[in-house]
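What follows draws every value from the coordinates through simple rules; no lab data is involved. The model shown is predicted, which means the values in this text are computed figures rather than measured ones. As a convention, Cβ positions derive from the backbone with ideal geometry for all residues, glycine included, and neighbour counts pool all protein chains shown.
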Amino acid sequence: EYKFFQVETDDAATAMRRLGVDSKNMIWTATWGSRGHQNGKVYRLNPETGEVLERKLGIEYSNPYNAEPDADDNVWVAPDNYLSKYDPKADSFTHYPIPIRSDTLKTTISENGGIWFIYRNAGKFAGFGGNATVLYPDKDKITTLAAHHSENSPGYFLSKYRGPMAPKVKGEV
């Protein structure tokens, strides 16, 4: 009997990425999952009570990168190859497969509920260029194809930053 390697399969979270806060001031995060099976999870922390809610994402080998609440307090996470929405009221996930295989997506939510995402390592490892894609989970909320942030979103507050400009890029392409 040969043992080439032993894979850890416990449920210990391995990495938390990009926290989000909903309208009730609950803090959300997703983890890259457990060693071996990488069954990603979503967590909610109630900062007033310290209570932690934990929910398995339900996608094997998932590596969720972020947890971003939308205007309805649904929490969007970006595991490999999907956009996933956690509905806290129904305590359930909806998984949306994305058109091109991905690693960890980076997302932002626009004011009309569009979930915009980019492929984080598209050009670096997958051999294709980067692009921006949008998922409109409710087509009746589309009022414009522009990607404006809602006034309560972190993206909106960042867009109002009036600090010093970044230095000009030097060099050649």
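Size check on segment 20-120: the Cα extents along the three principal axes, sorted descending, read 39, 36, 23 Å. Once the Cβ-Cβ distance between residue 106 and residue 141 is put in as r, and R0 is 30 Å, what FRET efficiency do you end up with, to the nearest 0.05? E between residue 106 and residue 141, to the nearest 0.05, is 0.85. Model label points for residue 51 and residue 17, set 7 angstrom from Cα along the Cα-to-Cβ axis, are 2.9 nm apart.
Report the FRET efficiency, 1/(1 + (r/R0)^6), for residue 24 and residue 61, where r is their Cβ-Cβ distance and R0 is 35 Å, rounded to 0.05.
Working: r = 32 Å, r/R0 = 0.90.
With R0 = 35 Å, the Cβ-Cβ based efficiency is 0.65.
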